[in-house]
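**Student:** Submitted below is the structure of interest, expressed as C-alpha cells.
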Amino acid sequence: ARFLEESDRLEEAIVLLHEAALAVEPDADRRLALFVKHNLLWLLTTAGRFDEAAALVAEVDLLSRSIGRELDRVRLRWAEARIAAGLGRFEEAVLLFKEVRRAFASAGAGYDVALASLELAALYADLSDLPKVKALAEELHPVFQAQDVHREALAALSLFMQAAFGETATGELARQIGSFLRTARYDPSRRFAP
C-alpha cells in the first residue's frame, strides 16, 4: 500500500488496505489493526474521500486510545484536521492543524510540523488569508534547514516562499509542494515539477 501511495496510485492502495483490514484480527494484533486502519484513514483523506474517512475516525480513535502512542494520536488529529477542511469546517480545521503543529513541535518532529504547516497554509490560501500564508512561509524555511533536508525539497519550499511573499501562493501550490515533500522525504532523487 505504501508503494502504491508513493506511486500516486491511491485508489489501488485504498483497496489493498480495505482487504488488509478484513484480514487483520484486531483481538490478535491490535497494533497491526491500528496501523492498517490509520493508513486507510490517511489515504482516504489524501484521496479527498472525506465522508468515508470521517466514518472511520471513531474506530481509529478507539484503537489509538487503547494501544497507540502519543504520536499516533497526533496523526489521528491531523487526519481529523484534513477531514474538517475537506468538509468545509474551516474554523475547526484551523484549530486542529494548529494543535497538530504544536504537538509535533513538542515531540521534536520538525518535518511533520512543516508538512502540517503547508496544509494549514493551503487552507489559509483557499480562504484568501495571505498574511497568514506569509507568516507560515517564514516559519517553514528554518525548520527544513534544521532537518538537513535535501536540495530539491528546499527548492520546492523556496518556490512556495516566493509565492507567499509575492502574494500569489495558492492552496493548490501548497498542496502540491506538501505532497512532493511527503514522497521526497525518503527519496531525495525525486524532483519537484509544479
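**Student:** Where in the stretch 145-194 are there GluC sites (Glu not before Pro) that are in a DSSP coil and have at most 13 other Cβ atoms within 10 angstrom of their Cβ?
**Tutor:** Glu167
**Student:** Can you work out the accessible area per residue across the chain, with the rest of the protein chains kept in place, probe 1.4 Å, in square angstrom?
**Tutor:** Solvent-accessible surface per residue comes out at 51 Å².
**Student:** At most 14 other Cβ atoms within 10 Å and a DSSP loop assignment: could you name the trypsin sites (Lys or Arg not before Pro) in the stretch 147-194 that fit? Before the final figure, lay out each step's value.
**Tutor:** Values: sites: Arg151, Arg175, Arg182, Arg185, Arg190, Arg191; in loops: Arg185, Arg190, Arg191.
Those that pass, being in a loop and sparsely packed, are Arg191.
**Student:** Step through the residues of the stretch 111-118 one at a time and calculate ³J(HN,Hα) from phi using the Karplus curve (6.51 cos²θ - 1.76 cosθ + 1.60, θ = phi - 60°), rounding each to whole Hz and writing x for Gly and Pro.
**Tutor:** My calculation for the stretch 111-118 gives 4, 5, 4, 5, 5, 5, 5, 5 Hz in order.
**Student:** What dipole magnitude, in Debye to the nearest 20, does the chain give about its Cα centre under +1 on Lys/Arg Cβ and -1 on Asp/Glu Cβ?
**Tutor:** On the way: 24 positive and 30 negative charges, 91 e Å.
Value, rounded to 20: 440 debye.
**Student:** Of Val100, Val24, Val60, which is the most mobile in a GNM of the chain whose springs link Cα atoms less than 10 angstrom apart?
**Tutor:** Val24
**Student:** Another question about this same structure. Just in the stretch 1-64: which trypsin sites (Lys or Arg not before Pro) are loop by DSSP and have at most 14 other Cβ atoms within 10 Å? Present the calculation step by step, with values, prior to reporting the outcome.
**Tutor:** Values: sites: Arg2, Arg9, Arg30, Arg31, Lys37, Arg49; in loops: Arg9, Arg49.
Sites meeting the loop and neighbour criteria: Arg9.
**Student:** Of the residues Ala47, Ala114, Ala174, which exhibits the maximal mean-square fluctuation in a Gaussian network model of the chain defined by a 10 Å Cα contact cut-off?
**Tutor:** Residue with maximal mean-square fluctuation among Ala47, Ala114, Ala174: Ala47.
**Student:** Between Glu52 and Asp29, take the C-beta separation as r, use R0 = 41 Å, and let me know the FRET efficiency to the nearest 0.05.
**Tutor:** FRET efficiency, Glu52 to Asp29: 0.95.
**Student:** Can you send over the solvent-accessible area of His38, 1.4 Å probe, protein chains only, in Å² to the nearest 10?
**Tutor:** Here the residue's solvent-accessible area equals roughly 20 Å².
**Student:** Compute the distance in nm between two label points, each set 7 Å from the Cα along the Cα-to-Cβ direction, one at Glu70 and one at Glu12.
**Tutor:** Here the answer is 3.9 nm between the modelled labels.
**Student:** Moving to a separate point now. Taking the Cα centre of each part, how many Å lie between the stretch 26-61 and the stretch 118-194?
**Tutor:** Distance between centres, Cα-based: 27 Å.
**Student:** Right, something else. If you average the sequence gap of Cα pairs under 8 Å that are 6 or more apart and divide by the length of the chain, what percent do you get for the contact order?
**Tutor:** Details: 213 pairs, mean separation 25.8, N = 194.
Worked out over the chain, it gives 13 percent.
**Student:** I've got another one for you. Please name whichever of Gly86, Leu154, Leu120 sits farthest to the positive end of the charge dipole of the chain, dipole taken about the Cα centre and charges placed at Cβ: Lys and Arg +1, Asp and Glu -1.
**Tutor:** Result: Leu154, furthest along the dipole toward the positive end.
**Student:** Let me ask something else about it. Once both labels are modelled 7 Å past Cα along the beta-carbon direction, what's the Asp129-Arg182 spacing in nm?
**Tutor:** Here the modelled spin labels are 2.2 nm apart.
The values are calculated or read from the model by the stated rules, or taken from the named source; none is laboratory data. These figures come from a predicted structure and were not determined experimentally. In this analysis, Cβ positions are derived from the backbone assuming ideal geometry, glycine residues included, and neighbour counts consider all displayed protein chains. Note: accessible area is taken over every heavy atom of the protein model, side chains too, but ligands, DNA and RNA are not part of it. Shrake-Rupley method; radii C 1.70, N 1.55, O 1.52, S 1.80 Å.
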